[in-house]
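Just below is one structure, and these are the notes that go with it.
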Amino acid sequence: MSYLQQQLKSFNASVIDSAARLPQQRRIINSNVAGSTISGSSSQVPSSSSTPTPGGDPWQRRHNAEIVYSQPADTGTGKDIMTQVLFAVEHMKGKATPLKFSEILSYLSLRDKAHDQAYVQALRKILQAHEKVRYDPSGANGEGTFRFRPPYDIYDSEQLLKHLQSQSTAAGMNVRDLREGWAGVEETINELEKEGKLLVTRNKKDDHAKMVWANDPSLQQRFDDEFKQIWEKIKIPDSQTVKEELEKAGITPTNKNKVVKARPKVEHKKVKKPRRSGKTTNTHMMGVLRDYSHLKR
């Protein structure tokens with residue numbers, strides 16, 4: 001009997017040990033339901049660290065499904081001060097006249113920051129020192145005005161031609177830089193090109209002007225129509241005829257593949273170098289060793 005009791009005790013201990021290793025069942029108790037009672041074993045007591053089950057609140061599941069975590073959060077207008085500076089510079093770029101600081105503030109959506117004097121003063125100081133903003137402290141009767149500073153202070157055809165003619169090199173000008181301060185620059189470029197005062201390169205995709213250079217109309221030569229007709233009647237030989245004529249004259253055409261002859265390989269015989277006899281260093285065996293240098297051929 002004692003043996004059976006020992007086996008039963010061992011079995012009960014193993015069952016208790018296995019039960020301790022199994023995950024305990026957790027339940028979520030709705031906090032809105034008051035006076036709810038909990039029945040069952042102690043393993044079903046709700047815990048504060050429990051996680052929601054798939055059968056949770058339907059509204060919460062719909063709300064979480066609408067959130068796109070791969071996209072930045074929609075925070076409305078820019079809250080960072082440098083974002084507002086960027087908006088202000090872009091606004092001044094589209095204005096032909098200088099703007100007062102109050103006009104810039106009315107354009108920006110500062111919301112609660114509009115009543116923060118430290119924020120407003122910091123924004124004003126940044127705009128005054130901005131590299132793309134020209135600040136005039138005497139403008140608007142001493143109130144100060146702000147204006148966009150383009151790469152070039154060019155706003156009409158006369159200023160454009162004067163700047164191009166004063167260049168010491170033939171670098172030309174990029175139309176993109178001119179367009180930042182001069183909205184109608186392309187119309188003026190087209191007119192000057194027709195008059196022969198500008199040399200223009202254009203994009204192949206949209207035919208917009210890309211680079212401009214100054215052109216001197218006095219260098220253009222006019223030819224008679226008779227000379228043009230004679231020039232157009234001259235037949236240009238085809239490439240095969242030109243190639244044959246060049247070969248007859250002993251001239252190799254540039255488009256012909258040249259055959260590179262391999263240089264003959266010259267085998268060089270290796271010459272054995274004679275051994276050099278070093279100096280005798282075994283002075284302590286001078287009486288034992290013999291000298292056979294006189295037998296060397």
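The values are calculated or read from the model by the stated rules, or taken from the named source; none is laboratory data. Since we're looking at a predicted model, the values are computed, not measured. Using ideal geometry, Cβ is built from the backbone for each residue, glycine included, and neighbour counts are taken over all protein chains shown. What goes into the accessible areas is simple: the full protein's heavy atoms, side chains included, and nothing from ligands, DNA or RNA. Shrake-Rupley method; radii C 1.70, N 1.55, O 1.52, S 1.80 Å.
Of note:
Residues are listed down the side, and each one gets a yes or a no for (1) within 29 Å of Glu103 (Cα to Cα); (2) surrounded by 14 or more Cβ atoms within 10 Å (Cβ to Cβ):
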{"site": "Pro150", "(1), (2)": "yes, yes"}
{"site": "Asp153", "(1), (2)": "yes, no"}
{"site": "Leu160", "(1), (2)": "no, yes"}
{"site": "His163", "(1), (2)": "no, yes"}
{"site": "Val175", "(1), (2)": "no, yes"}
{"site": "Leu199", "(1), (2)": "no, yes"}
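- Exclusive hit being under 18 Å from Ile81 (Cβ atoms) and either open to solvent by less than 50 Å² (accessible area, probe 1.4 Å) or not in a strand (DSSP E or B) (or both), set Ala114, Ala96, Ala140, Ala171: Ala114
- Evaluating Tyr119 against the criteria (1) over 28 Å from the mean Cα position of the chain (by Cα); (2) in contact (Cβ under 8 Å) with a residue 40 or more places away in the chain leaves one unmet condition, (2).
- Residues within segment 77-86 that are farther than 10 Å from Leu123 by Cα, at pLDDT 85 or above and either open to solvent by less than 90 Å² (accessible area, probe 1.4 Å) or part of a loop (DSSP other than H, G, I, E, B) (or both), tallied: 1
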